[in-house]
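Student: Provided herewith is a single structure, encoded as structure tokens, for subsequent inquiry.
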């Protein structure tokens, strides 16, 4: 059998209440999977690219519109035994969306779809535990040398909020002074023309990303 | 037709005589392709991963043993029209090998296989022009924030040789003093315990990469 079935599966991350979370859908494929969670995805149409299929399944099954979603190809998983139904090769995607860009419906959890904090996400269908861990590794690596984290941040934010976003992904505390110094030196963010004021705290400078596109922090 | 044929295609780069070059094979698939050049690759066996298939075809068709070849997944090309014979999805790989690690046979060009300088490589079979240009973009990007270039360098080299390798890939002249300062500051190379001596030139300090694995130059 020279033929394979092609699927596109997406790991969509957001930061909800300070916790890195992933969008899951309910998978029902008896006798193999009965009411387990998995990553949103599905098969390619005959005339469809993997990129298009990934976004279509995200919209149809994960109930997330695509307006604010950033997606990039992650890796293609071709282990012959990854799907008990036969040879299914999965083109996997890493996708990001800022929490505040989601509508109330997109934020919501139902019996069929939910946002799951990373640390509580396991025993997914197929090889989705593996796909999730590769996506997580890629995200952790890429936020260290690119401005990819911008795709998880609101339009404006304080440096403390940015630091907390890094910490929620890296699962590590960063040195606050050092972090501020590095971020400002890299010139990847710029000041907004006003501060955020609150009753209980000092006014905090707001920032935005200097460029809307994901840039590598280059060494040469 | 829900089924697709899976292929693995590899862009294998080396630096020959100071020029970035890619390994090509002769493609004969009448009536579509007759004696044109293409990237080494081919179909997956039923129980084979894309990674294994890529390396197998590289060995069998491009006449390059795998001992010193570095390979990583590049991108999966799934345009329904990329192959005139039907739906063939290609998992593409970026691979690198140092010229001095190749045997005389592996260095050689024949009627069926050759090393082609990048600037003279076009009109390849299938969508291989596209795959090559994506591989080239990825290589150019990755050598700027990782130590990936190590996989194209001999075990020991002078800083001038390293600079020339960067220049052959980036197609741009670097500032010599600035380059040396940055490379040494990043501590990605370390001195060998001796210099290279020649009749006509001053002894030149030799270096090696500090780590055998590809590392990201991190901003945080």
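Student: Shielding of B:64-77 by partners, i.e. mean partner chain Cβ atoms within 10 Å per residue?
Tutor: 2
Student: Going highest first, how would you order B:195-201, A:55-61 by mean Cβ packing within 10 Å? Intermediate values should be presented prior to the final figure.
Tutor: On the way: B:195-201: 8.9, A:55-61: 18.9.
Result, highest mean Cβ count within 10 Å first: A:55-61, B:195-201.
Student: Report, in degrees rounded to the nearest 10, the 0 to 90 angle that the Cα long axis of helix B:50-62 makes with the longest principal axis of chain B.
Tutor: 80
Student: Which distances in nm, rounded to one decimal and ordered from shortest, link the label point of residue B:18 to the equivalent label points in the other identical copies, with labels set 7 Å from Cα toward Cβ?
Tutor: Counterpart label points of residue B:18 in the remaining copies fall at 5.8 nm.
Student: Sorted from shortest, what are the nm distances separating the label point of residue B:190 from equivalent points in the other copies, each placed 7 Å from Cα along Cα to C-beta?
Tutor: Distances between equivalent label points, in nm: 4.3.
Student: Seen from all sides and averaged, what is the projected area of the convex hull of the Cα atoms in segment B:1-75, in nm²? Show your work: numbers first, answer last.
Tutor: On the way: hull surface 27.3 nm².
Average of the hull's projected areas for segment B:1-75 equals 6.8 nm².
Student: Right, something else. Highest first, please rank the peptides A:154-160, A:177-183 by the mean number of other Cβ atoms sitting within 10 Å of their residues. Walk me through the numbers before you get to the answer.
Tutor: Details: A:154-160: 15.3, A:177-183: 13.6.
Descending packing order for the listed peptides: A:154-160, A:177-183.
Student: Ok, one more. In a solvent-free Debye calculation with one equal scatterer on each Cα, what is log10 I(q)/I(0) for segment B:154-209 at q = 0.25, 0.27 Å⁻¹, listed in the order of the q values?
Tutor: -1.10, -1.19
Student: Please give the average number of partner chain Cβ atoms lying within 10 Å of the Cβ of each residue in A:144-154, rounded to a whole number. Write down the numbers at each step before the final one.
Tutor: Numbers: counts 6, 8, 4, 1, 0, 1, 0, 0, 0, 0, 0.
Per residue, the number of nearby Cβ atoms from other chains is 2 on average.
Student: A further question on this structure: Does anyone have the angle between helix A:128-145 and the longest principal axis of chain A? Alpha-carbon axes, 0 to 90°, nearest 10?
Tutor: It works out to around 30 degrees.
Student: One decimal, nm, shortest first: give the distances between the label point of residue A:173 and those of the same position in the other copies, each label point 7 Å from Cα along Cα→Cβ.
Tutor: Its label point is 5.2 nm from the equivalent points in the other copies.
Student: Based on Cα positions only, what radius of gyration and what Dmax would you give for chain B, in angstroms?
Tutor: Just the Cα atoms of chain B yield Rg and Dmax of 18.9, 68 Å.
Student: Also, quick follow-up: With only alpha-carbon atoms counted, please give the Rg and Dmax of the protein assembly as shown, in Å.
Tutor: Rg and Dmax of the protein assembly as shown, Cα atoms, are 24.1, 78 Å.
Student: While we're on this one: Separation between the residue B:122 and residue A:202 pseudo-spin-labels, each 7 Å from Cα along Cα→Cβ, expressed in nm?
Tutor: 5.9
Student: Something else about it: What nm distance separates the two modelled labels at residue A:114 and residue A:43, each placed 7 Å from Cα along Cα→Cβ?
Tutor: For the pair residue A:114/residue A:43, the computed spacing is 2.9 nm.
Student: Divide by every residue of chain B the summed helix terms, -39500 (n - 2.57) for each DSSP H run of at least 4, and state the resulting mean residue ellipticity at 222 nm, rounded to the nearest 500 deg cm²/dmol. Display every interim value, and only then the final one.
Tutor: Numbers: 5 runs with 58 residues, N = 220.
Roughly -8000 deg cm²/dmol at 222 nm, from the helical runs in chain B.
Student: Cα-based Rg of segment A:27-115 per 2.2 N^0.38 Å, rounded to two decimals? List each step's numbers first, then the result.
Tutor: Numbers: Rg = 14.1 Å, N = 89, 2.2 N^0.38 = 12.1 Å.
This ratio for segment A:27-115 stands at 1.16.
Student: Assuming R0 = 22 Å, what is the FRET efficiency of residue B:141 and residue B:176, from their Cβ-Cβ distance, to the nearest 0.05? If you can, show how the numbers build up before the last one.
Tutor: Numbers: r = 23 Å, r/R0 = 1.03.
With R0 = 22 Å, the Cβ-Cβ based efficiency is 0.45.
Student: Another one. Looking only at other chains, what is the average number of their beta-carbon atoms within 10 angstrom of each beta-carbon in B:2-8? If you can, show how the numbers build up before the last one.
Tutor: Working: counts 7, 8, 7, 3, 8, 0, 2.
Other-chain Cβ atoms within 10 Å of each residue's Cβ, averaged: 5.
Student: Something else now. Roughly what would the spin-label model give for residue A:60 and residue B:164, points 7 Å off Cα along C-beta, in nm?
Tutor: 5.6
Every read-out reported here was derived from the displayed coordinates using simple, explicitly stated rules and does not represent laboratory data. Worth saying up front: this structure is predicted, and the values here are computed from it rather than measured. Every residue, glycine as well, gets a Cβ built from its backbone with ideal geometry; the counts of neighbours run over all protein chains shown.
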